[in-house]
Amino acid sequence: MNLAPIDLRSDTVTRPTEAMLESMREASLGDDSRDGDATVRELEAKAAQRLGKEAAAFMPSGTMTNLVALLAHAQRGGEVLLDSGAHILNSELGGIAALTGAFYKGLPANRGAMDLELLNDAIRGGTRQNFGTTLICMETSHNRAGGAVLPFSYMERVYRLAKERGVPVHTDGARIFNAAAALRTEARALAQHTDSIGFCVSKGLSAPVGSLLCGDATFIERARAFRRMVGGNMRQAGPLAAAGLVALDTMVDRLEQDHRTAQRLARGLQEIDRRLCDALEVETNIVKVEVPAQGRDAAAWSAALEKRGVRVSPCERHALRFVTHRHIGEAEIDATLDAFNSEWTRAIGGNAASRH
Ligand SMILES: Cc1ncc(COP(=O)(O)O)c(C=O)c1O
C-alpha cells in the first residue's frame, strides 16, 4: 500500500494549521530571555487566564513543565507522592530524583486516581529521621491509564487533603483540555484543585512546540529561575508562542471530535473481539488495546499493523495505544478497523492452525 500511513501513535503528530503558520510568519521577534517578547507574554497571560491562575511560563515541552514544577515546589530530600503509572514517574527519565533531589513514592491507583486512604496514610511530616512529604502530583487526562479523566470530586478531595496537611499539589495536565471536554467543564474548574498545572499546546491542540506551566505569581517567578537553570529559556520564541495562541483560540472546542472518533474506534475493536478494549472506559482520545499475551508482543503487533499502513505505539508488553487527533476522521478509523481486523484474523487463524 502506497498511501500515507494512518498515524495513531500520538496526538503530537498533528501539524500546525494554516492560521498557525500565518501567525508564526507575522509574530514578534523579541528576545524573550533578555527583554521579553510581546507574543510570549500574550500567550502566558492567555494560558493563565484559561487555567484560572495568576501567571504562566512558556516552556519547550511538557516534560520541562513537570521538571520545573518539581524543582520549584519540592524540598531536597522530601518525598513526592504520585500514582505509580504517572508519566512523571515512568517516562521522564527519573528527572524527579536525578535533578530535584527528592524521593518519590508511587501509590497504587485506579484509572490514574490514587487510593485516597493510602494517600492519606502516605503523607508524613518531617522529623529528624525524614524530610516528610514535599509534594503531591496528579495527572489528567492520564496517559498510561488510556486517557482516563480524574473525576472532579476526586481532584477536590486530593487538594483538600493536601491543604489540610500543608503539602503543595502539582498536576500534569498535558491534555487538560481533553479532560475538561470529557467532563463538560472548563479547564479552570479542574485547575482550581491544584497549586500548579502544566499543559501542552503541542499535542491535540496542534501547535508545533510548547507547554505552559501555570500557578500563582510568586511560584511562576521562582519557576522562571529554574527554567533558566535547566536550559529552557528561549530567545526569539514569538513564532512558537503565536502558534500556541492560535491553538488556544481555535483548537480547544474541536477536541470533542477526537473523543468521538476514539469511541468509534473502540466500539469497532470491541466488535472484532470484546477482549481488545472496553469502549465504556474510553473517555478521551486515547484507546488502550490489550492484545493477547500468548504469541506476539505489542511491538510485534505494532510492526505488523505498520505493514498494513497503520501506526500505533506499544505502551505495555501486551498493550497498544491508539491516539486520535485532528488528522483522523471516520474514514481513517474505518480503514484502521479493516487493517486491524485483517491482521487479527490472520494472527488468530495462525494460532488456531499452530494448535493442530
Ligand atoms: C501526561 C503527559 N505528561 C507529560 C508529557 C510530556 O510532554 P512532552 O513530550 O512535551 O515532553 C506527555 C507526553 O506525551 C504526557 O502524555
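The stretch between ALA4 and ALA331 holds 116.4 nm of extra length on full extension. This uses 0.36 nm per residue minus the Cα-Cα distance. Here the residues PHE177, PHE103, PHE322, ranked from fewest to most Cβ neighbours within 10 Å of their Cβ, fall in the order PHE103, PHE177, PHE322. With the chain treated as a Gaussian network of Cα nodes joined by springs under 10 Å, which of ASN130, ASN285, ASN341 yields the largest mean-square fluctuation? Looking only at ASN130, ASN285, ASN341, the largest GNM fluctuation is found for ASN130. Using only alpha-carbon positions in segment 1-87, the gyration tensor eigenvalues give semi-axes of 29, 25, 12 Å once each is multiplied by 5 and square-rooted (largest first).
Please find the FRET efficiency linking GLN236 to SER91, where r is the Cβ-Cβ separation and R0 is fixed at 45 Å, and quote it to the nearest 0.05.
0.95
Here, the chain yields an orientationally averaged convex hull projection of 19.3 nm² when only Cα atoms define the hull. Counting charges near ALA304 (Lys, Arg +1; Asp, Glu -1) among other residues having Cβ under 9 Å from its Cβ returns a value of +2.
Applied to segment 119-128, the Karplus parametrisation 6.51 cos²θ - 1.76 cosθ + 1.60 on θ = phi - 60° returns per-residue 3J(HN,Hα) values of 5, 4, 5, 6, 6, 9, x, x, 9, 5 Hz, with x for Gly and Pro. When the chain is treated as a GNM with alpha-carbon contacts under 10 Å, the residue of ALA335, ALA279, ALA57 showing the greatest mean-square fluctuation is ALA335. Residues whose amide H lies under 5 Å from that of THR171, counting only those 5 or more places away or on a different chain, are MET138, SER196, ILE197, GLY198; hydrogens are built 1.01 Å from N in the peptide plane. Distance from the C-alpha centroid of segment 40-111 to that of segment 319-341: 31 Å, rounded to the whole angstrom.
GNM remark for the chain: springs join alpha carbons under 10 Å apart, and the peak mean-square fluctuation among GLN236, GLN294, GLN49 falls on GLN294.
Phi-derived couplings, Karplus 6.51 cos²θ - 1.76 cosθ + 1.60 at θ = phi - 60°, listed residue by residue for segment 79-91: 10, 9, 9, 7, 6, 5, x, 4, 4, 4, 7, 9, 10 Hz, with x used for Gly and Pro.
Working note: Karplus 6.51/-1.76/1.60 with θ = phi - 60° gives segment 247-254 the couplings 4, 5, 6, 10, 10, 5, 5, 7 Hz, where Gly and Pro are set to x. Exposure proxy for LEU280, LEU269: other Cβ atoms within 10 Å of each Cβ, ordered fewest to most, give LEU280, LEU269. Amide H contacts of THR134: GLU79, VAL80, LEU81, each under 5 Å away and 5 or more positions distant or on a separate chain (H built 1.01 Å from N in the peptide plane; Pro and chain starts excluded). Contact order, relative form, for segment 264-309: 25 percent (alpha carbon pairs under 8 Å, 6 or more residues apart, mean separation divided by residue count).
Would you mind checking the pairs LYS53/LYS163; LYS46/LYS163; LYS53/LYS203; LYS105/LYS163; LYS203/LYS288 and listing those with alpha carbons more than 24 angstrom apart? Table pairs above 24 Å Cα-Cα are LYS46/LYS163.
Got a sec? How would ILE88, ILE6, ILE197, ILE123 order by Cβ neighbour count within 10 Å, fewest to most?
Placing the least packed residue first, the sequence is ILE123, ILE6, ILE88, ILE197.
Count Lys and Arg as plus one, Asp and Glu as minus one, and take only other residues whose Cβ is under 14 Å from that of SER28; the net charge is then -3.
Laboratory data are not the source of any read-out in this text; all were calculated from the coordinates shown. Remember, predicted model here, so these are calculated numbers, not experimental data. So basically every Cβ, Gly included, is an ideal-geometry build from the backbone, and we count neighbours across all protein chains shown.
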